[in-house]
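The values are calculated or read from the model by the stated rules, or taken from the named source; none is laboratory data. This one's a predicted model, so the numbers in the text were calculated from it and none came from an experiment. Positions of Cβ are backbone-derived with ideal geometry, glycine not excepted, and every protein chain shown enters the neighbour counts. Side chains are part of the model used for accessible areas, which takes the heavy atoms of the whole protein and leaves out ligands, DNA and RNA. Shrake-Rupley method; radii C 1.70, N 1.55, O 1.52, S 1.80 Å.
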Amino acid sequence: MNFPHLWAMEYEALRAFRSRNFRLFFGGQALSLLGTWMQKTAVSWVVYAETHSKLMLGVSVFATLFPSALFSLLGGVVSDRYSRYRVLLLTQVLSMVQAGLLALAVFWQHHAVAAIIGLSAALGIINAFDVPARQSLVYDLVDDKQDVPNAVALNSTMLNLSKLLGPAVAGFAIEQLGAAACFGLNALSFVAVIGSLLALRLPAHVARPHPQALLSELAAGFRYVRDTPGIRFIIGALGLMALLVLPFTALVPVYAKDVFRGTATTFGLLDGAIGLGGFGAALYLTSLAPTTDLSRVMTVNTFVLGVGLLLFAYTPWYWPALAFLAVGAFGMMAQTTINVTLLQTTVLPAMRGRVISLYVLVYTTALPLGSLLVGAASERIGVRATVLAEGALALLIGLLYLRNLRQTQAAAVLLAAGGS
């Protein structure tokens with residue numbers, strides 16, 4: 001066995017950790033995200049356990065994401081105008097307060113769905129400012145900008161490990177301690193990320209003059225996306241995925257409770273399978289060489305997502321269903337992570353906050369609408385038929401990616417021929 005070669009591969013997969021600021025940020029986020037996914041799992045379980053309504057599951061997702069859509073463009077301008085570090089620090093403090101209030105509401109109220117929906121909407125507003133600042137700040141935390149794709153992939157690894165562990169821990173905590181404990185633990189987890197942010201060593205923020213009015217800067221961001229075909233396609237295709245395919249995750253509690261006749265632990269394991277697939281995808285992405293054609297990888301994994309959902313939809317056995325769900329999640333996370341990577345590495349720095357905010361706008365508009373659509377469709381045609389249709393739609397969107405990939409390759413060949 002070639003141990004030096006394996007060590008070199010491992011070093012390459014972790015090369016973004018050479019940056020001190022990124023190491024600190026990564027460590028703080030790791031614990032906080034575990035709490036975040038515990039809270040998400042508990043929200044879905046409490047809502048469905050108290051209402052027994054698939055539509056209300058969609059409403060709970062809508063309550064979190066739609067406010068993000070309303071305020072995301074403003075969040076992008078704030079990220080470009082002001083200190084991204086200070087914006088992120090403030091959003092983390094507010095998120096901790098939201099989790100604490102959610103714990104109190106579920107603990108003291110017998111029927112807490114209304115409070116959950118209201119506090120989920122508050123979190124959606126916070127996230128509208130948090131996500132553009134967070135995504136833009138990652139670029140600034142990496143000393144060698146060639147390591148940015150690796151940093152994004154490592155962030156994805158952390159996110160998916162938390163998706164893997166968080167739901168499983170949440171399922172156990174709900175059964176042993178109650179749902180309020182999940183929300184309380186999430187509030188405590190923000191201490192880690194706030195501490196890591198305070199320990200960062202960043203250059204002093206230099207305020208730049210902004211001669212344009214806020215609306216003019218927003219319009220400039222729209223024009224930039226419109227005039228950049230590659231970015232325009234990424235955001236447009238993401239919108240289709242978020243509207244028609246990605247909302248399958250809102251139906252996982254139905255599979256746990258009604259299809260497989262399970263408990264909160266069953267739900268936690270199904271949600272954990274999604275995290276496992278995504279974690280595997282993230283590890284795969286960290287191992288990619290800098291010269292890898294990410295567009296090709298993204299296209300292939302769109303088809304992987306579709307096939308995984310088709311296999312999962314009508315599987316009558318629980319353990320194979322976990323495996324198929326993990327396959328679909330692998331494709332989903334690889335595809336969405338590469339989208340973020342391409343935006344991080346190809347967008348002009350002065351436009352990064354606004355482009356990411358537009359990405360957030362499209363995602364947080366399409367996903368809650370898709371969740372409502374999927375919830376309503378599953379009431380009419382059944383949950384399994386709905387997931388089957390989502391898998392088929394993923395394959396059709398994969399054909400769009402394939403066409404775009406071929407067009408891009410053909411244009412590159414023509415450009416090379418013209419240059420020679």
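Of the residues L361, L367, L343, which single one is open to solvent by less than 10 Å² (accessible area, probe 1.4 Å), within 20 Å of L73 (Cβ to Cβ) and in a helix (DSSP H, G or I)? Even if it seems obvious, please write down each step before you answer.
On the way: L361 fails: open to solvent by less than 10 Å² (accessible area, probe 1.4 Å); L367 fails: open to solvent by less than 10 Å² (accessible area, probe 1.4 Å).
L343 is the lone residue from the list that is open to solvent by less than 10 Å² (accessible area, probe 1.4 Å), within 20 Å of L73 (Cβ to Cβ) and in a helix (DSSP H, G or I).
Of the residues examined, D271 is not one that is closer than 30 Å to S44 by Cα and either surrounded by fewer than 23 Cβ atoms within 10 Å (Cβ to Cβ) or modelled with pLDDT of 85 or more (or both). Among the residues of segment 56-68, the one identified as surrounded by fewer than 22 Cβ atoms within 10 Å (Cβ to Cβ) and either in contact with a strand residue (DSSP E or B) (Cβ under 9 Å, 6 or more places away or on another chain) or farther than 21 Å from A377 by Cβ (or both) is P67.
Quick grid of which residues meet (1) basic (K, R); (2) closer than 25 Å to T157 by Cβ; (3) not in a helix (DSSP H, G or I):
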| site | (1), (2), (3) |
| --- | --- |
| N339 | no, yes, no |
| G391 | no, no, no |
| L399 | no, no, no |
| R406 | yes, no, no |
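The residue that is surrounded by the fewest Cβ atoms within 10 Å (Cβ to Cβ), among those in segment 117-174 that are at pLDDT 80 or above and charged (D, E, K, R), is R134.
Determine if segment 85-103 includes at least one residue that is under 30 Å from E175 (Cα atoms), in a helix (DSSP H, G or I), among the aliphatic types (A, V, I, L, M) and open to solvent by less than 10 Å² (accessible area, probe 1.4 Å). Write out each step before concluding.
As a first pass, look at segment 85-103 and keep what is under 30 Å from E175 (Cα atoms): 92-103.
Cutting the leftovers down to in a helix (DSSP H, G or I) gives us 92-103.
Still in the list and also among the aliphatic types (A, V, I, L, M): 93-94, 96-97, 99, 101-103.
Keeping just the survivors that are open to solvent by less than 10 Å² (accessible area, probe 1.4 Å) gives 99, 102.
Checking segment 85-103: at least one residue is under 30 Å from E175 (Cα atoms), in a helix (DSSP H, G or I), among the aliphatic types (A, V, I, L, M) and open to solvent by less than 10 Å² (accessible area, probe 1.4 Å).
If I go through segment 242-268 residue by residue, how many of them are closer than 18 Å to V43 by Cβ and under 16 Å from the mean Cα position of the chain (by Cα)? Summing the residues that are closer than 18 Å to V43 by Cβ and under 16 Å from the mean Cα position of the chain (by Cα) in segment 242-268 gives 5. Just to be sure, is G230 open to solvent by 40 Å² or more (accessible area, probe 1.4 Å), more than 24 Å from L90 (Cβ to Cβ) and at pLDDT 80 or above? Yes.
Of all residues in segment 170-205, those that are in a loop (DSSP other than H, G, I, E, B) and without any contact (Cβ under 8 Å) to a residue 60 or more places away in the chain total 3.
Within segment 15-28, at least one residue is within 19 Å of L185 (Cβ to Cβ) and modelled with pLDDT of 80 or more. Which one of the conditions (1) surrounded by 20 or more Cβ atoms within 10 Å (Cβ to Cβ); (2) in contact (Cβ under 8 Å) with a residue 60 or more places away in the chain; (3) over 30 Å from V87 (Cα atoms) does Q335 fail to meet, given that it meets all the rest? Against the list (1) surrounded by 20 or more Cβ atoms within 10 Å (Cβ to Cβ); (2) in contact (Cβ under 8 Å) with a residue 60 or more places away in the chain; (3) over 30 Å from V87 (Cα atoms), Q335 comes up short only on (3).
May I ask you to verify whether G272 is out of contact with any strand residue (DSSP E or B) (no Cβ under 6 Å at 6 or more places or on another chain), among the small types (G, A, S) and more than 16 Å from R384 (Cα to Cα)?
On the way: out of contact with any strand residue (DSSP E or B) (no Cβ under 6 Å at 6 or more places or on another chain): yes; among the small types (G, A, S): yes; more than 16 Å from R384 (Cα to Cα): yes.
Yes; evaluated as a whole, the condition is true for this residue.
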